[in-house]
Structure formats: structure tokens, C-alpha cells
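What follows is a short report on a single structure.
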Amino acid sequence: MNDLLLRALRAEPVERTPIWIMRQAGRYLPEYRAIRDKVSFRELCRDPGLATEVTLQPIDRLGVDGAILFSDILVPAEPMGFAVEFNPGPLIDNPVRSAADVERVRIPDPEETVPFVYETIRSVRAALDGRVPLIGFAGAPFTLAAYLVEGRGSKNFEHVKGMMYADPANLHRLLDKVTETTERYLAAQVRAGAQAVQLFDSWAGLLSRDSYREFALPYARRVLEHVRDAGAPRIYFALNSAHLLPAIRECGADAVGIDWRIGLDEASRMLDDRFVVQGNLDPCVLMSAPEAIAQRAREVLAQGAAAPGHVFNLGHGILPGTPVEHARVLVETVQGQQRAGR
Ligand code: 1CP
């Protein structure tokens, strides 16, 4: 079994740096598009057979060192009482805007309401048969709450940030419900067989340091602590978060995802060199020539050597227009290098 990813996440010695790619099952793969021509994204997430197939596509095609559950951070929103569609990003037609809206938000039992997530995990584990570990995931509470309030992706997220300033107590009540749901949702993923978990805080970077400490960090920390004793290493990834790294030292995760805006060596120093780091090649590098991709990948590996452990990844999701051959060059380059280490 290839358990490099789990060993790196636990800061144990590894012969080489493991690699997986955020959004590795997605539209840049022709075999993914072929399935999406037949079913909607929502149906794909809810069909354990098809979700297993697309989860395995990047393992077969790229040879990455980890699989990530095919799902979306908005999946638990439906049983909380939201009507969610994807086009291609999430659209919620009954977003939270008032105290009464927060009142009606439910805290569901995930194994009863989204059983397909757990069936997919069991089915992927069986299909992988130990080839590589399986990563489960959830949205961090602030990021999921941002969608529930906004109703869609947004540049400024003005509704949720507006609520933060106009009625902070109401936002805290919503965050509390989202946190309890996410704790249950993620703990059940580990019980079903997820061997590591990642909490995606994609919109936390929109917050100032003070707001982050009040509205994002404590809730993410609650979720991460809730699953600590389950034994699966926990990765926390906040996009656009260089200004938040001193606060992120308190997140309670085993590993911290870093985007491309800051070097891994500098990020690790800001984390007191206490965390395994994950990242951080700019996804746009994959639009350049193979030699340039290999060169940049080696630079990231060199910077990652400063940290107690390094899991190679992009700094955010792989772009739909990425040539598959370029993703393969990246994986081969990373897998061909020995880990330098401290
Ligand atoms: O048309 C399609 O096929 C749908 C596109 C798509 C895909 C492939 C969406 C809609 N979600 C996904 C899968 C997905 N989403 C995964 C799969 C596992 C993997 O291979 O990595 C994961 C981990 C997510 C997580 C997710 N969804 C995040 C966090 C990561 C990030 O990108 O910051 C966020 C913010 C979402 C919301 C979302 N869902 C889909 C889109 C296009 C978006 C983001 C854009 C928006 O806000 O409008």
C-alpha cells in the first residue's frame, strides 16, 4: 500500500513528497466530461457508483498519491433545509438573510439524510484496495455559512459580511448550527473509511485578522477538534490567507494548506515550523511548457523542505482548461525527486 500521504501528514519520514491535486476529479479530464454529458453534477454526487468512478479517474490517469471523495461542500446544505442547484457553481434559492431564516435551519443526521456520501466512501475504499489513501472533506463553517447567506459564489460576499457587521449575534447563531452539522458530517466520513480529512475555508481570506478570529477560526477549530480522536490526519486550507497565518497556528489541524501567494518556506516560518504544509504551485503554471512546469515544481519542493512535512498540491483547484499531459508532467516530476527534509 502507498501510505506516503498519511506518513507525510503525520510528519513521519518519507522517501519522497506525496502529491494530490485539489479538484483532481473534474472537467479537465475527458473521462469526467463524458460522464457529466450524461448526468448533472448533483446526480453525480448522489450516485455512489458514478461518484466512485470519477473519484478513481485521477488515480488511474495521473497516478497521484491520494484520492479525494467526489462530492461538494454544499452537499450537507440540502438536509439543513436549502434548495441547492449547480450551474456550475452552487445556487441556493432560499438563502439566510434574517433571524427567522437562521431559526429554521436544521441540524441533520448526515448518515440518514446524505447516506450516499458514506456509501461512496465505502465503495471507493473497496475499489482502491489500499492503492492510495482516501481523503474526505467538508467546507469550514465560515465558508459554508457564506454560501448559505449569499446564495451563490460572490466576489465580495457582501451579504454575509453585511450580516457580520449589522447583526453579529445572528451570524454566530448560524455558524453554531453549521459547525454542529459539519462536526457530524465529517466524523461520519472518518467512520465510513476516510483516512485523512480536509476542511476547505475558501472564503476566510476575505476577513480581516480580527474578524477571522471571531467568525472563522473558532468554528473551524471546533470541527477539527471534534474529529481529532478519530485518528485521521486533518488538513486545514484557507485560500488567500497569508495575513491570517499567525492566527491559523491556533486552528488545531495537523497540516495547513497554503496557496501560491506566499512561499512555503515563509509560510512555514509564520506557522513556527510546527505544521506539515500542503501546496502550493499556482494552478496557472500548468498552462506553461513541460520544462517550465518541472522547474517550478522543483522550486516548490525546495521551499517545502523547510517544514516538518510537505504534501505537494496546487495552491487551489486545477483549472478546467489544463492539458492532462501537463498534470502528468507535474506528478512525474514530484514523484521523481527525493525528499530533502530538514
Ligand atoms: O460542472 C461540474 O462538473 C461541477 C463543477 C464542480 C466540481 C467538479 C463543483 C461545483 N464542485 C465540484 C467538486 C468538488 N468541489 C470537489 C471534488 C473533489 C476534488 O476532486 O477535489 C471539492 C473538494 C469541492 C469543494 C468546493 N466546492 C469548494 C472548496 C474548494 C475551493 O475550490 O475553494 C468550494 C468553494 C465549492 C463550491 C463550488 N462548487 C462548484 C463550484 C464551481 C464551486 C466554486 C465556485 C463558486 O463559488 O461559484
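The values are calculated or read from the model by the stated rules, or taken from the named source; none is laboratory data. Keep in mind the model is a prediction, meaning the values are calculated, not measured. Ideal geometry is used to build each Cβ from the backbone, glycine not excepted, and the neighbour counts take in all protein chains shown. SASA here: full protein model, heavy atoms, side chains in, ligands and nucleic acids out. Shrake-Rupley method; radii C 1.70, N 1.55, O 1.52, S 1.80 Å.
Full extension of the chain between residue 78 and residue 210 gives 44.4 nm of extra length, using 0.36 nm per residue less the Cα-Cα distance.
Charge dipole (Cα centre; +1 on Lys/Arg Cβ, -1 on Asp/Glu Cβ; no other charges) of segment 52-160 amounts to roughly 220 debye.
Quick one: putting +1 on the C-beta of Lys and Arg, -1 on the C-beta of Asp and Glu, what dipole do you get for segment 276-333 around its Cα centre, in Debye to the nearest 20? All intermediate terms of the calculation are to be shown ahead of the outcome.
Numbers: 3 positive and 5 negative charges, 18 e Å.
Once rounded to the nearest 20, the dipole reads 80 debye.
At 1.4 Å probe radius, can you tell me the per residue accessible area of the chain in Å²? Let's see the in-between values first.
Numbers: 13430 Å² over 342 residues.
In whole numbers, the chain has 39 Å² accessible per residue.
Can you list which of the GluC sites (Glu not before Pro) found in segment 249-342 are DSSP loop residues with at most 15 other C-beta atoms within 10 Å? Hits after loop and neighbour filter: 250. Beta bridges from DSSP with both residues in the chain: antiparallel share about 15 percent, rounded to the nearest 5.
Could you please state how large a percent of the accessible area of segment 249-342 is carbon and sulfur, counting protein chains only and using a 1.4 Å probe? Let's see the in-between values first.
Working: 1770 of 3850 Å².
Using a 1.4 Å probe with all protein chains present, segment 249-342 comes out at 46 percent carbon and sulfur.
Full extension of the segment from residue 243 to residue 337, taken as 0.36 nm per residue of separation minus the current Cα-Cα distance, would add 30.7 nm.
Using Cβ point charges alone (K and R +1, D and E -1), the dipole size of the chain about the Cα centre works out to roughly 320 debye. Considering only alpha-carbon pairs that sit under 8 angstrom and 6 or more positions apart, the relative contact order computed for segment 296-342 is 68 percent. Estimated from helical segments only, the mean residue ellipticity of the chain at 222 nm is -13000 deg cm²/dmol, where each DSSP H run of four or more residues counts as -39500 (n - 2.57).
May I ask for the distance between the Cα centers of segment 248-317 and segment 186-242, given as a whole number of Å? With segment 248-317 and segment 186-242 each reduced to a Cα centre, they are spaced 18 Å.
Among residues other than residue 300 with Cβ under 11 Å from its Cβ, the summed charge is -1 (Lys and Arg +1, Asp and Glu -1).
Checking every one of the trypsin sites (Lys or Arg not before Pro) in segment 104-211 against DSSP loop status and a limit of 11 other Cβ atoms within 10 Å picks out 104, 155. Cα centroids of segment 1-18 and segment 44-109: 28 Å apart.
Mind listing which trypsin sites (Lys or Arg not before Pro) in segment 1-94 are in a DSSP loop and have 12 or fewer other Cβ atoms within 10 Å?
Numbers: sites: 7, 10, 16, 23, 27, 33, 36, 38, 42, 46, 61; in loops: 10, 16, 23, 27, 38.
Here the trypsin sites (Lys or Arg not before Pro) that fit, given the DSSP loop and packing criteria, are 38.
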